[in-house]
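Taking it in order: structure first as structure tokens, then the write-up.
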Amino acid sequence: MSSLPNPATEPWHGAVRPIAMTRTRLVIAGLILTLACGAPSVDASARQPGHGDRVTVVLTSDRQFNSAVSWYDSRNKLRSQGDVALVRYDHETHLWAGSIVYTSRVRHQKVDTLFQSNGRFARCAVWVNAKKIREKTARAPRFATAYCR
């Protein structure tokens, strides 16, 4: 029996499945987008991620269906998705996880990520190749928001 990676510590290469966006969630996504637009470029690792590096953003929540995520894509274009459905459930931690994986196509890759859960727990982790360079965990009564910057 093969073991699945722990979503809290390892990248997982499943997809984040989009679902229909409601008006309220669209407003929340817009607010998150506004917050993320001023995010500076990354420089936390020994070298800045760039062209050809594999970037994995791992999202973890106590809910399968979540409010929104904003991230920079392979060409440093800010992307946002509302109604984020996470596809993998870990029975040990009782957490849901999903990931966004891409190969950078720019010289200086931005990797800041903002993730808002519908529940009380949110975590985002950013991996470049096999090295974790960002991780943020947040807890709140509702709509916990983790900002990996």
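FYI, it's all coordinate maths here, none of it is from the lab. Since we're looking at a predicted model, the values are computed, not measured. Note that each Cβ is placed from the backbone with ideal geometry, even for glycine, and that neighbours are counted across all protein chains shown.
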Quiz prompt | Candidates 101, 69, 84, 111, filtered to the one that is of a type in the set (A, V, I, L, M, F, W, C), within 26 Å of residue 49 (Cβ to Cβ) and assigned to a loop (DSSP other than H, G, I, E, B) | solution = 111
Practice problem: Go through the range 80-104 and give me each residue that's among the charged types (D, E, K, R) and surrounded by 14 or more Cβ atoms within 10 Å (Cβ to Cβ). | Solution: 83, 88, 90
Self-check item: the range 105-118, residues that are over 13 Å from residue 59 (Cα atoms) and touching a strand residue (DSSP E or B) at 6+ places or on another chain (Cβ under 6 Å)
Solution: 110, 111
Exercise. Would you mention how many residues in the range 114-140 are part of a loop (DSSP other than H, G, I, E, B) and in contact (Cβ under 8 Å) with a residue 40 or more places away in the chain?
Key: 5
